[in-house]
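Note sheet for the following structure.
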Amino acid sequence: MKNIISAPAEAVKAAIFIPSSKSISNRMLIIRALAGSAGHLHNLSTSDDTLVLSRALDSEDHIKDISHAGTSMRFLAAFLSIRPGEAILTGSARMKQRPVGPLVDALTGLGADIAYMETEGCPPLRIRGGGIKGGTIEIEAGISSQFISALMMIGPVLKGGLTIKLTGNVVSSSYIEMTRSLMNRCGVEVRFDGRKITIRQGPYRVEDFRVESDWSGASYWYQVAALLPGSEIRLPHLSEKSLQGDSALVRIFDPLGVHTTFSDEGAVLRSREVEMHEHFAYDFTGCPDLVQTMAVTLCALGIPFRFTGTITLRVKETDRIAALESELRKVGFVLLDDPNGEWMAWDGTLCKAEQDPVFSTYHDHRMAMAFAPLAIKLGKAQIDDPGVVSKSYPGYWKDLEKAGFGITPA
């Protein structure tokens, strides 16, 4: 199945209620479970990732299949290590290729009993929980900040607390800060100096908590605004003082003519024509989930770019760098990259575009949502496997229709 998207007839004037943050939702689900609390979590994400994690935490099943949900895999590996009993933690074929070795090494260093059931360093995992204690560990910080967040959240329930020393380049530090802030809000003392995280033993206290709207989901509306000057898009409940690193959108898109104002109701995006930049450079270390949106937007605007801080994209839902290169080539853009994923770029080189391209999504929600707004430049955009958006933004296609896009299933 595919969706054929046609562009609005004019600039977008709409209010879009983007979903709540799955990153915050997932962390709060783990923290509440560790607290043994009945505190109510308001505005939880309805994304596949959050629903999968919630079901896994509530289920007594021996086998926990989290499908494509990478966050759930990392967070549950740590959570199940402290819970008495045996569990099998597995997922989709792609999930079985995604590395968890550094996290498993750190957990076993604290006394966890975890075994790889198929490929060394990857799920599925057999976890016999209950034997883990606190202490000091080291972990490579250059693969996934989710490894670090998973360890942080179990830290206060370990005897003696936990000290985590980070080695290598720290990626996505904004997510570590998000975890630290949420833990502090729930009564736990956490200190982070950039290279060392110190967590004191102590109980969580979870009271009623409201999850803020998702800045990653907002990125596709910034993209629409940039590609359709004159748009005015209201995003209710989007917070200026956000825990999310993707709130960097405000300053990233401002030079592209998208200005953001905030009020108690949320954010308003207003776009205008601006003189095109000769080149755009940005370090996405703190907000790697914005790379696909930005790569597609800048190519559509004809602005060459060079992105750094992209190393984690090789091990996401798909190899996002390779996916971007393949799909943007379909419409004539030749991207360059570092084999290790440390940078990617477009220097203005073009190739012959396909006549009627269909954009593949690679089981990756962000590929679908980043490429759909290309309909503004192409007249139409065809997106294969459109249902993948349910991973983070189930109502995306309906919101596009609300904004004046045509959506035709085919």
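Annotations for the structure displayed:
- Considering only beta bridges that DSSP places wholly inside region 61-157, some 75 percent are antiparallel.
- With the convex hull drawn over the C-alpha atoms of region 167-255, the volume per residue is 115 Å³.
- Where Rh is the Kirkwood radius over Cα pairs, Rg/Rh for region 167-213: 1.02
- Pairwise alpha-carbon distances in region 19-113 exceed 15 Å for 61% of all pairs.
- Computed over the chain, the convex hull of the alpha-carbon atoms projects to a mean area of 18.7 nm².
- The Rg/Rh ratio for region 360-405 is 0.94, where Rg is the radius of gyration of the alpha carbons and Rh is the Kirkwood radius.
- Over region 102-223 - Rg/Rh using Cα atoms and the Kirkwood inverse-distance radius: 1.01
- 25 °C / 0.890 mPa s Stokes-Einstein diffusion coefficient of region 301-380, Kirkwood radius on C-alpha pairs, µm²/s: 186 µm²/s
- To the nearest ten degrees, helix 173-185 and the longest principal axis of the Cα atoms of the chain are 50 degrees apart.
- The spread of Cα positions in region 6-57, taken along each principal axis and listed from longest to shortest, comes to 52, 18, 12 Å.
- Under the simplified labelling scheme, the residue 306-residue 207 pair shows an inter-label distance of 5.0 nm, with each label point 7 Å from Cα along Cα→Cβ.
- Pairwise Cα distances in region 267-410 exceed 19 Å in 53 percent of cases.
- Shown for the chain: the carbon plus sulfur share of the solvent-accessible area, taken with all protein chains present and a 1.4 angstrom probe, equals 47%.
- Label-to-label distance, nm, for residues given as residue 167 and residue 315 (7 Å Cα→Cβ offset): 1.4 nm
- Bridge orientation summary for the chain: considering DSSP beta bridges with both residues in this region, about 70 percent are antiparallel.
The values are calculated or read from the model by the stated rules, or taken from the named source; none is laboratory data. Everything numeric here is computed off the predicted structure, so don't read it as measured data. Heads up, the Cβs are rebuilt from the backbone with ideal geometry, glycines too, and the neighbour counts pull from every protein chain shown. Please note that ligands, DNA and RNA were not included when accessible areas were found on the heavy atoms of the full protein model with its side chains. Shrake-Rupley method; radii C 1.70, N 1.55, O 1.52, S 1.80 Å.
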